[in-house]
Amino acid sequence: MEALKNELQIKDAAIAALTSKVDRLEDEKLNPTQSGSQIIKRRQHNIIAESNIIGDNDIRQRVKMGTRGSLLTSNILQATVEAQKTNAQLTAEKFLRVFQDPSKHIAYLSSQEFSNDLISVCHSVCEVLESQPRCLFMQSPVYVFGDIHGNLEDLHFFADNIWKLGMDLTAGKFLFLGDYVDRGLSCLECVAYLFGLKLLYPNKIEMLRGNHETRDVRK
């Protein structure tokens, strides 16, 4: 039902744009001439002078639209309904913010709240992984990442140089080959960060299980 309402609003916007065009053509046809100069009748349109900018963490901001802004585009953007995020996705966004500079969030990372948030995210990631096929079929372009081994700085480097505009705005997919833990000092942080990405971009990032994700190796 909601999809039909959105489609109806978009069609109404298209009709409004065509009506505006018809009015302009009538003005051009019926303009009187007075004292050798052409008088142009200008109609006032109820255009909402706003534009939408998608920034970091998919936050939508509304700013003033320039004089060349399209009436149809403005109406379509106004009719667009933003998808509601789950609690786990909101927590995943918090993880991404926290792990940009973990040193500023030591209290949170040492708290019971972080433990509860991580457990919630793990349950949600399990549901996503169980819904996807075990054998992946991937077409290029694909970015392939080897063993992370608890090195959060490597993930920061990748984020700053490979998907610096955001995973959703970067062409291709991202394949992680496993071995996310052991050896490094930030094993838990790396897993939480990658799980957060998987929740937010389930069709952009693929995570394989390495030998360090098995019980025999992790004993």
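The values are calculated or read from the model by the stated rules, or taken from the named source; none is laboratory data. On a predicted model such as this, the values are computed, not experimentally measured, just so you know. Positions of Cβ are generated from backbone atoms using ideal geometry, with glycine treated the same way; all protein chains shown enter the neighbour counts.
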Would you check if residue 16 is among the hydrophobic types (A, V, I, L, M, F, W, C), surrounded by fewer than 10 Cβ atoms within 10 Å (Cβ to Cβ) and either over 29 Å from residue 202 (Cβ atoms) or at pLDDT 70 or above (or both)? no
Between a residue in segment 165-182 that is at positive phi and any residue that is in a loop (DSSP other than H, G, I, E, B) and crowded, with 17+ Cβ neighbours inside 10 Å, which pairs come within a Cβ distance under 8 Å, given they are 6 or more apart or on different chains? 178/147; 178/210; 179/147; 179/148; 179/149; 179/210; 182/149; 182/150
Only one of 115, 124, 120, 140 is surrounded by 10 or more Cβ atoms within 10 Å (Cβ to Cβ) and within 26 Å of residue 164 (Cα to Cα); which? 124
Quick one: how many residues across segment 133-175 are of a type in the set (Phe, Trp, Tyr) and touching a Ser or Thr at 6+ places or on another chain (Cβ under 7 Å)? 1
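What helices (runs of 4 or more DSSP H), lying completely within segment 126-219, carry at least 2 residues that are of a type outside the set (A, V, I, L, M) and farther than 22 Å from residue 93 by Cα? Steps first, please.
Working: elements: 152-161, 187-200, 215-218.
Answer list for segment 126-219: 215-218.
Yes or no: residue 88 modelled with pLDDT of 85 or more, part of a helix (DSSP H, G or I) and among the small types (Gly, Ala, Ser)? Break it down into steps so the answer makes sense when it comes.
Values: modelled with pLDDT of 85 or more: no; part of a helix (DSSP H, G or I): yes; among the small types (Gly, Ala, Ser): yes.
So residue 88 fails the test.
Each row is one residue, and each column tells you yes or no for (1) without any contact (Cβ under 8 Å) to a residue 60 or more places away in the chain; (2) farther than 19 Å from residue 123 by Cα.
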| site | (1), (2) |
| --- | --- |
| 137 | yes, yes |
| 192 | no, no |
| 201 | yes, no |
| 204 | yes, yes |
| 209 | yes, no |
